[in-house]
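Nothing in this text is a laboratory measurement; each read-out follows from the coordinates by a stated rule. As the structure is a computational prediction, the values presented were derived from the model and not from experiment. Neighbour counts are summed over all protein chains in view; Cβ atoms, including those assigned to glycine, are modelled from backbone coordinates with ideal geometry.
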Amino acid sequence: MGTAGDALIPSAFHFRGCAPTARSCCPPNSNSNSNPNARSGHSSSPESRSTGRSYAPPRRRRGETKAGGGAPASASPSAPGASGTKAWRLRFRKEGGMQVRVVQLTSSTSRRQEPWPLFGGSSESRRHSCCFSGSQKLLNRVQYCQVPHSNSTGAVAHIQKEDKYSCVDRSTSYLHVQTLRNFPIEKFCGEVVLVRLDSVILLDDLGSCNFPLKRTLSTIKYLSKAGAKVLLVTSWDPVLQSVTPVLKSTESLADYLSSLLQVKVIPVNGVPCLTSFKKEEWVQNDIILFENLLNFKGENANCNDFSQKLASGAAVYVNDSFSMSHKIRASTVGITRFCYASLAGFQFEEELMQLLKITDTTRHPSIAIIGGSNFLRKATALHLLASQCDGLFFVGRLSFQIMNGLGIPVPSCLIERNATKEVLQLIQIAHNRNIPIYYPTDLWCLNSNNNEALEIFDSTELLSGLALGWTPVDIGPSTLERISSLMPSYKKILWIGPTSYDATEEFCVGATQLGQILDKASHNSCDVILVGSAACKAVKGISDSSSQYTTFENGSIVWEFLKGRILPGIAALDKSYPYKISWDDVFSDPEQPLVVDIGSGNGLFLFQMARNWEGSNFLGLEMNGKLVIRCLQEVASAGKRNLYFLSTNATSTFRSIISSYPGQLTLVTIQCPNPDFNKEQNRWRMVRRMLVEAVADLLQINGKIYLQSDEESVLIGMKEQFISHGKGRLVVDGDYDDNDRMENPFGVMSDWERHVLARGAPMFRTMLRKV
């Protein structure tokens, strides 16, 4: 032995039989009389048992929201003409030759505004920092926090950030996924990797500007060059198949991919699995293409049996079809249950990064051009955009809802009656932030009697009934001229939704001209984001290599994201830790040996270990964010500089966290995981191949792995997983008898361990060593 990895373990031998009492083991202000039936020493929900009462989450005060407060429901303005102290006042001003209606909110009793939570702000004095409380959740989601400085004040500040980002709203963690780029390339050699592709991207012409197709092909080539056996799956609907000769059969698509990859792609028909073709073909060729997934009912149903067949023989799953992220399919969600690693491909990673840019508020001023219909279904997303952007320009049928909310007479056939409240709330947000809301001043209209006659009408003239027999189909030239005059004032432009008022594309003339306006803006250092097929199609024919766009063909994904909903295709992938850790701020000496406790629970074990061994650093990884907050509070009050806790699921994030540590990883402990979550068939079990390989890779030579449980079957299962997936690098330490009844080598017991021994039950332990 005699290595740095043994510095901690041998010194612990002198403490055998002298475990500290419950009182001495507890951090300050903790309650040692915890429930004896709860595994309070190590709880990592769902992997380990819940903790004692001393760490119960604080209750919210009456009227307080999860995000720490917010505007009450009564803060939204009442509808025009309704009873209440608030009323709408319309005033008019000339702006660029166009008459603009501005809404003012007045009160007969008080001029004080309703309290709205502050968020951000603009450099321009006319833009206030108030926002709609209902949108604050997603705004907080895309921010990053830094690990605090060592002083107590910094630690407390970080605790508040941890509570804000890791505990109250855990919905952002799913956006930070394991990527093909950051996964160890040597892990792919000899493995079977299944790649989910986007058929729409595959069918695009491979030109100099087709970066999505290039990234998709790079995913396949990267895996093949790494020595992986690559399986390709994708899907296409009958409509696309009827107009695309390449998709007529699996064989024709395989030939097309072969020409793109310059590698032979073997087509395989039938149920997609490794048993669908002869093994001699697999030995000779590295890339296999399966049949259209939509030919099998199990794909859309996310059938468990179909997912298992799809993943049969595949160890790694790579998703490169971002356009399916909002749907639950066997090839995007169900398959991840049966692969030990689920990663994002190069194109998926790029589109996910671009998705986050939509809610990025660093580029100001920004404007959103919003089209389409169905205000009520999009209300949450529209409120968010009103809270972030510095201007809103409504087109399409949504503009009628806004004009009606501003007091402009609109025919009832063009109004969503059940969306009035949401429209007024959006206007209130714009009023509070003092941002302009624009709408079309003129419209192309189609004669109801003659479907070929088009004419331009003023918006007010059309809506007032002076243009009877005419149906609006698209925005007019005056509106486009107004948009063109506004664009130079903004550094970020989001176009989401069609500009047309009718589903017929034959009369959609405004979209093409708007595309030309935005193409010009993109050449002037303006960030242009195009969402939806109408927006992407409008610029596809006019863009060149110098044009820089962020495009999303499938607008449904963006709408779901803006609504704050979890995208299942992203959530199914393995996670990476979302924050960059500054180890110099966490530990006084980050070069010291590191001890990691997976499922640290209430932290009692690590607190005593950190007291006994000042020459080592101790890190607790725990899923329960509220426990992490309590532990960090105790760390800050005690001034410990060799102890820290992180809220995370270590099963998938262990590698991304520990790989950046500058010192050596000498010891990893897993104590008393919940047996219900460690059955082989449970997808949420803690000890899985991904965790075992990460620990085996990062642990120093002669480093130790300490496993403990009060159920022998659980310990045996964990030990077998480590030895099996350790690939000969992990063995049972020779200093301990291999009977699983070894004594505690540290002299420090976890809370649950103390309860088990107090009732006379045995504890089962083993120590593994890296060779």
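The table below gives the values:
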{"item": "Mean Cα-pair separation over length for segment 318-401, i.e. relative contact order, pairs under 8 Å, 6 or more apart, %", "result": "28"}
{"item": "Dipole magnitude of segment 185-355, debye to nearest 20 (Cβ charges: Lys/Arg +1, Asp/Glu -1, about Cα centre)", "result": "320"}
{"item": "Length-normalised contact order of segment 359-543 in % [C-alpha pairs under 8 Å, at least 6 apart]", "result": "23"}
{"item": "Which listed pairs, of LYS575/LYS704; LYS357/LYS491; LYS727/LYS770; LYS491/LYS563, have C-alpha distances above 20 Å, in listed order", "result": "LYS575/LYS704; LYS491/LYS563"}
{"item": "Around GLU614: net Lys/Arg minus Asp/Glu count, Cβ-Cβ under 11 Å", "result": "+2"}
{"item": "More than 22 Å apart - percent of Cα-Cα pairs taken over segment 359-543", "result": "44"}
{"item": "Mean separation of Cα contacts under 8 Å (6+ apart) over length of segment 586-643, as relative contact order %", "result": "45"}
{"item": "Net charge contributed by nearby residues that have their C-beta within less than 13 Å of VAL246 (K/R +1, D/E -1)", "result": "-3"}
{"item": "Segment 185-355 shape via C-alpha gyration tensor axes, a/c threshold 1.5", "result": "rounded"}
{"item": "Placed amide H near GLY497: partners under 5 Å, 5+ positions off or other chain", "result": "GLY371, VAL531, ALA535"}
{"item": "Selection from CYS413, HIS523, PHE457 lying farthest towards where the dipole of segment 359-543 points positive, charges on Cβ", "result": "HIS523"}
{"item": "Environment charge of TRP583, counting only residues whose C-beta is closer than 11 Å and scoring Lys/Arg +1, Asp/Glu -1", "result": "-3"}
{"item": "Global geometry of segment 687-757, whether rounded, prolate or oblate, following the gyration tensor of its Cα atoms and the 1.5 cut on a/c", "result": "prolate"}
